[in-house]
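The values are calculated or read from the model by the stated rules, or taken from the named source; none is laboratory data. Every value quoted in this text rests on a predicted model; they were computed, and no experiment measured them. Please note: Cβ atoms are built from the backbone with ideal geometry, for glycine as well, and neighbour counts cover all protein chains shown. Calculation scope for accessible area: heavy atoms of the full protein, side chains included, ligands and nucleic acids excluded. Shrake-Rupley method; radii C 1.70, N 1.55, O 1.52, S 1.80 Å.
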Amino acid sequence: MDAEIRKTVLRKIPHGLFVAGVAHEGKVNAFTATWLTQASFHPPMLVMGVRRDSKSFAMIEGGRVFSLNLLGKDQQDIAGEFVKPSQEMSDTLPGAASRTGKTGAPILEDAIAWVECEVREITNPMGDHALVVGEVIDVGQRLDVPALTLMDTGWHYGG
Ligand SMILES: Cc1cc2nc3c(=O)[nH]c(=O)nc-3n(C[C@H](O)[C@H](O)[C@H](O)COP(=O)(O)O)c2cc1C
């Protein structure tokens, strides 16, 4: 397999761009995420690829919940706030105003819409990213506008 072509081809797969929120033992965190898709209608489920070496993955394993914050086309700057590993974690998020969702995971005040999930399965033992399967237990919408995608930003995560 040609590694350059693999990278070019895999990067053509369209993705959204989100901020995922996590919570465990009274602490919250959030990270920019793009490897995400719906995985079931009944019950409604999402699957998200999460770096096994991230702080958020450890919190997902412990807290078994996550939120998904959808951003508008003009909100790339918010996604940019959550691309670096968090330093110190507390009961509030640095970098953006948020509130606590039903699951305990943080919901960004400026998100155009959000989804809250309870984790039902964590799999993909071979991968450097785990597949986190979540059942959608709540959703909300602040603005009915098109959501930010990875392609809108010119950023890459894949290959
Ligand atoms: C454009 C972009 C997309 C990303 N998508 C994902 C993703 O889908 N899953 C993931 O685990 N990390 C993704 N990341 C990396 C995380 O945002 C990054 O590892 C974050 O620093 C983890 O923070 P934490 O250690 O505080 O959890 C992405 C980064 C960028 C720049």
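Only one entry in Gly140, Gly134, Gly158 is open to solvent by less than 70 Å² (accessible area, probe 1.4 Å) and not in a strand (DSSP E or B), namely Gly158. The test for being near the ligand (Cβ under 7 Å from one of its atoms) and buried (at least 18 other Cβ atoms within 10 Å of the Cβ) does not hold for Leu46.
Of all residues in region 49-65, exactly one satisfies the criterion of being within 28 Å of Gly154 (Cβ to Cβ), assigned to a strand (DSSP E or B) and either more than 8 Å from the ligand (Cβ to nearest atom) or open to solvent by 40 Å² or more (accessible area, probe 1.4 Å) (or both), namely Arg51.
For region 143-155, the set of residues classified as open to solvent by less than 30 Å² (accessible area, probe 1.4 Å) and not hydroxyl-bearing (Ser, Thr, Tyr) consists of Leu148, Leu150, listed by residue number. Taking each residue of region 114-131 that is within 11 Å of the ligand (Cβ to nearest atom) and looking for partners that are in a strand (DSSP E or B) and basic (Lys, Arg) with beta-carbon atoms closer than 7 Å, six or more apart or interchain, yields Asp128/Arg51; His129/Arg51. For residues in region 66-100 being modelled with pLDDT of 95 or more, in a loop (DSSP other than H, G, I, E, B) and of a type in the set (Asp, Glu), which is nearest to the ligand (Cβ to nearest atom)? Top of the filtered list is Glu81.
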